[in-house]
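Asks: Take a look at the following structure, please.
What follows draws every value from the coordinates through simple rules; no lab data is involved. Nothing here was measured: the structure is a model prediction, and the numbers come from that model. In this analysis, Cβ positions are derived from the backbone assuming ideal geometry, glycine residues included, and neighbour counts consider all displayed protein chains.
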Amino acid sequence: MPKVTSMYKAEAKEKIVQAAIESFAQTGFDRTKMEDIAKRLGLSKGTIYLYFKSKEDLFLAICEYNIQKGDKEDAGLFVRKENVASDAEQIYDNIRRREQGNDRVMLEMVAESARNPKLRKAMYALHVKVHEHVMEGVRNKIEQGFLRKDVDAISLAIALVALYDGLAVNRMLGIGDAANKRAWVTMIKAMIAGSC
């Protein structure tokens, strides 16, 4: 029997994550079953469970995947203050593309976590991780002189995540993406201008 390489495992995991993103976006978290994701890939449900213990673990893997992808896509942004507006637009577009329609799924997960203590604990850990990730980016911009040294990186990170989460709610309620994007860019420009 051939040995399964770590590269094969990583590729299989990524394919499962992509199929889950598509399934969750199409039918929602609650209505998607692990077997639906397996069918999408032509695999057995057991194969999915070799990589992910539960649907919640798979959802958290999607979030982790998006964070890692964001690091690569957003690395060259916010290096020149005169590009703030275009960089803010690019960050917004990058996040929206990475989400691939998962706003609704994230909101479902938040609602479900009110009833599911295991999920609430996982969602809390995810939110802490996202805040820490954004805070690291804010701290880098402080060190680079992009933001003032007295900026509270923790609070700014929490505020940026809350702003984006609020815009996701706006989209769910029918507020157009153009208006949300303008709000995002306006806030980022105001934040940078107030921090110079």
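Asks: When you look at K72, is it within 30 Å of M191 (Cα to Cα), of a type outside the set (D, E), surrounded by fewer than 17 Cβ atoms within 10 Å (Cβ to Cβ) and within 20 Å of the chain's Cα centre (by Cα), yes or no? Show your work before the answer.
Replies: Details: within 30 Å of M191 (Cα to Cα): yes; of a type outside the set (D, E): yes; surrounded by fewer than 17 Cβ atoms within 10 Å (Cβ to Cβ): yes; within 20 Å of the chain's Cα centre (by Cα): yes.
The answer is yes for K72.
Asks: Between I91, I95, which is part of a helix (DSSP H, G or I), in contact with a Leu (Cβ under 7 Å, 6 or more places away or on another chain) and over 24 Å from M34 (Cα atoms)?
Replies: On the way: I95 fails: in contact with a Leu (Cβ under 7 Å, 6 or more places away or on another chain).
That would be I91, the only listed residue that is part of a helix (DSSP H, G or I), in contact with a Leu (Cβ under 7 Å, 6 or more places away or on another chain) and over 24 Å from M34 (Cα atoms).
Asks: To continue, here is another question. For segment 35-68, which positions are of a type in the set (K, R), surrounded by 14 or more Cβ atoms within 10 Å (Cβ to Cβ) and touching a helix residue (DSSP H, G or I) at 6+ places or on another chain (Cβ under 8 Å)? Break it down into steps so the answer makes sense when it comes.
Replies: Pass one, segment 35-68, residues of a type in the set (K, R): 39-40, 45, 53, 55.
Still in the list and also surrounded by 14 or more Cβ atoms within 10 Å (Cβ to Cβ): 39-40, 55.
Listed by number, the residues that qualify are R40, K55.
Asks: Let me ask you something else. Looking at L50, L60, can you tell me which residue is farther than 17 Å from E11 by Cα and of a type in the set (A, V, I, L, M)?
Replies: Values: L50 fails: farther than 17 Å from E11 by Cα.
Of L50, L60, the one residue that is farther than 17 Å from E11 by Cα and of a type in the set (A, V, I, L, M) is L60.
Asks: For segment 138-155, enumerate the residues that are buried (at least 17 other Cβ atoms within 10 Å of the Cβ), touching a helix residue (DSSP H, G or I) at 6+ places or on another chain (Cβ under 8 Å) and within 22 Å of Q68 (Cβ to Cβ).
Replies: Within segment 138-155, V138, A153 qualify.
Asks: If you don't mind, another one. List pairs: first in segment 32-49 and under 22 Å from E108 (Cβ atoms), second basic (K, R) and exposed (fewer than 14 other Cβ atoms within 10 Å of the Cβ), Cβ under 7 Å, 6+ apart or cross-chain?
Replies: Filtered contacts from segment 32-49: M34/K45; E35/K45; A38/K45.
Asks: Could you grab me the full set of residues in segment 33-62 that are closer than 17 Å to K121 by Cβ and hydroxyl-bearing (S, T, Y)?
Replies: S54
Asks: If A178 passes every condition in (1) farther than 22 Å from M191 by Cα; (2) part of a helix (DSSP H, G or I) but one, which one does it miss?
Replies: Of everything listed in (1) farther than 22 Å from M191 by Cα; (2) part of a helix (DSSP H, G or I), A178 misses just condition (1).
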